[in-house]
């Protein structure tokens with residue numbers, strides 16, 4: 001094989017890998033740090049995964065003050081989640097791609113035990129995720145910006 005052919009093959013492989021990296025940033029799948037919309041402090045790391053076209057998100061790490069319970073239970077949750085550890089809890093469920101956003105699913109706020117309708121929108125080239133929880137219509141809710149960790 002000539003040097004020219006090797007260079008062309010290497011360039012092709014490099015372009016394919018760059019394309020895969022770019023595609024990975026165009027989906028919410030990955031590890032995200034959620035930022036509290038009131039305090040501006042990091043609250044948790046959430047791993048978003050996709051199964052059969054639906055996104056879900058599980059809490060992998062909590063950022064807590066040293067004097068706080070490092071693995072609290074969801075005392076305000078209802079049903080099967082009541083009293084369960086927040087660490088490891090699935091808080092996002094059933095979100096599906098719809099144009100430039102992901103919607104049709106729910107998000108759980110472990111602080112108050114409430115489950116809200118949810119939608120996600122990637123921002124800043126996939127580096128940030130606008131996460132909206134709402135009741136009824138998206139205008140009646142609140143948003144957080146999550147920052148991609150991986």
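The numbers here are math on the coordinates, done by the rules we state, and not lab data. This one's a predicted model, so the numbers in the text were calculated from it and none came from an experiment. No Cβ is skipped: glycine too gets one built from the backbone with ideal geometry, and neighbour counts run over all protein chains shown.
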So how do 40-52, 99-111 stack up, highest first, on mean other-Cβ count within 10 Å? 99-111, 40-52
Got a sec? How would 60, 78 order by Cβ neighbour count within 10 Å, fewest to most? 78, 60
Along the principal axes of its C-alpha atoms, what lengths does segment 52-109 span, in descending order and rounded to whole Å? 44, 25, 16
Calculated diffusion of segment 27-148, Stokes-Einstein form, Kirkwood radius summed over Cα pairs, 10 °C and 1.306 mPa s, µm²/s: 109 µm²/s
Go ahead and run the numbers for FRET between residue 68 and residue 135, Cβ-Cβ distance against an R0 of 22 Å, rounding to 0.05. 0.20
Need the C-alpha centroid separation for segment 107-150 versus segment 72-90, integer Å. 19 Å
Given 132-145, 80-93, the highest-first ranking by average Cβ count within 10 Å works out to 80-93, 132-145
